[in-house]
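Below you'll find the structure, written out as structure tokens, and then a few comments.
The values are calculated or read from the model by the stated rules, or taken from the named source; none is laboratory data. Note that the coordinates shown come from a computational prediction; the quantities given were computed from them, not determined experimentally. Glycine gets a Cβ as well: all are built from the backbone with ideal geometry, and neighbour counts include every protein chain shown. Just so you know, the surface numbers come from the protein's heavy atoms only, side chains and all, with ligands and any DNA or RNA stripped out. Shrake-Rupley method; radii C 1.70, N 1.55, O 1.52, S 1.80 Å.
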Amino acid sequence: MSQKIGMESESEAKVDGETASDSESRAEASPPLIPADDTPEVLNRAFSSLSSRWKNWWVRGILTLAMIAFFFVIIYLGPLVLMIIVMCVQIKCFHEIITIGYNVYHSYDLPWFRTLSWYFLLCVNYFFYGETVTDYFFTLVQREEPLRILSKYHRFISFTLYLTGFCMFVLSLVKKHYRLQFYMFGWTHVTLLIVVTQSHLVIHNLFEGMIWFIVPISCVICNDIMAYMFGFFFGRTPLIKLSPKKTWEGFIGGFFATVVFGLLLSYVMSGYRCFVCPVEYNNDTNSFTVDCEPSDLFRLQEYVIPGVIQSIIGWKIVRMYPFQIHSIALSTFASLIGPFGGFFASGFKRAFKIKDFANTIPGHGGIMDRFDCQYLMATFVNVYIASFIRGPNPSKLIQQFLTLRPDQQLHIFNTLKSHLTDKGMLTAAAEDE
């Protein structure tokens, strides 16, 4: 009897195992998703006499200039528009990655896969943007009763929303698709980690000052362009197998060009308050403001050039902004480490036999194809600011102090007064008064 039950359970396990392996093999055997030619017809006609290599060069060049022009426009429109654009880009990147998973596994009719994916995106965005609103719009949140309640219980609400999606996923499990459903559950969460978390860091960088948003993004764009240009005209030595068109000549040329570009762009932007001041919410005007007294990071200072370099360039002293020194670190990361975000994306696309994440931008692929390096760069900038730049924020401390009970405020006041008196910053007579 027990032997019979063991044979039945073994047979059942074998069937389930075959189902799972069959699912994997059929997914791997799915034909490559090769996008059709998405070049605008007007450009096809204009460059029809050129070879495919030069035609691609001109198409990419024209559309790159169009994207740079659009970037200038959204910068001009201000920080609020930039935040909206970041969120739109995040949603589109998430859609492109989830769509790849759906196209690979669509024949298995997984229950609630896309519904749950978008639901988890909503939950994670609610959590991150709620944290941002509470942090940067503290006074407004405390002033409005509904917002104050939502802020107080924000993390509990966020956890409840996620837990609801988690339970929905468990209830959607189907016996013959267990392994595949857990694959897609992991797919969704890794996508959330890569796209949503890092786009949230982009917004945090923006609040530190638009220069921390514009310079890193511009360095990645510059490196992408210059690496392509150097590789196109001088490329001979392959760089990495994941991207056969990448060359050492383009990689090295892009590095030096990006460092010079970062220094020049930082010098220009450091002289304008609208770029260097933190983005803050003004409760009186109900709008964002970028006006402040620039910190020492954005004040011209004199630096003595090392003797070895003096003999080459003939200068002893150079006047530059301290931020320009930080820009060297940013541009170096954008040139040497940032491309690995692109290599990672190339490996991902090769794994699923696709050329691009989508065909949103002719000649460039999808939005994710343009932002694969940007997300990695955003994380580095956020870590860099937290490690080397950011200090205590007095305005936030005062905002939090004003929300305390009167007895708590009085306790902090007396403690601070005693501390300043011990330091000699307050006299005993001032303390008696």
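So if I average 1/r over every pair of distinct C-alpha atoms in the stretch 79-161 and take the inverse, what Kirkwood radius in Å does that give?
Averaging 1/r across every pair of different Cα atoms and inverting gives 14.9 Å.
In percent, how large is the relative contact order of the chain, given Cα pairs closer than 8 Å and 6 or more residues apart?
Relative contact order here is 18 percent.
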### Summary
Cα-based Rg then Dmax for the chain, in Å, read 27.3, 96
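Thinking of the stretch 320-433 as a set of Cα atoms, what percent of all their pairs are more than 26 Å apart? Numbers along the way, then the final one.
Details: 3536 of 6441 pairs.
That tail contains 55 percent of the Cα-Cα pairs.
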### Task
Starting from the residue with the highest accessible area, list Glu131, Glu145, Glu293 in decreasing order, probe 1.4 Å.
Glu293, Glu145, Glu131
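Rounded to the nearest 0.05, what FRET efficiency do Val81 and Ser311 give with R0 = 56 Å and r taken as the Cβ-Cβ distance? Could you check?
On the way: r = 49 Å, r/R0 = 0.88.
With R0 = 56 Å, the Cβ-Cβ based efficiency is 0.70.
Where does the chain land at 222 nm, in deg cm²/dmol rounded to the nearest 500, when only DSSP H runs of n ≥ 4 count, each adding -39500 (n - 2.57), divided by all residues? Display every interim value, and only then the final one.
Values: 20 runs with 302 residues, N = 433.
Taking each H run of at least 4 residues, the total per residue is -23000 deg cm²/dmol.
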### Relative contact order for the stretch 76-216, counting Cα pairs under 8 Å that sit 6 or more residues apart, in percent
41 percent
### Query
What distance in nm separates the simple spin-label points at Ser418 and Gln301, each placed 7 Å from Cα in the Cβ direction?
3.7 nm
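For the chain, give me the percentage of DSSP beta bridges that are antiparallel, rounded to the nearest 5 percent. Please list the in-between numbers first.
Values: 10 of 11 bridges.
DSSP beta bridges in the chain are roughly 90 percent antiparallel.
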### Per the chain, cysteines lacking a partner by the 4.7 Å Cβ criterion
Cys88, Cys93, Cys123, Cys167, Cys219, Cys222, Cys274, Cys373
#### Entry: Those lysines that a straight Cα-Cα span of less than 18 Å connects to Lys349, excepting residues fewer than 8 apart in one chain
Lys92, Lys241, Lys245, Lys246
### Message
For the stretch 163-244, what does the accessible surface come to per residue with a 1.4 Å probe? Please give it in Å².
### Response
45 Å²
### Query
So how many Å³ per residue does the convex hull of the Cα atoms of the stretch 263-384 work out to?
186 Å³
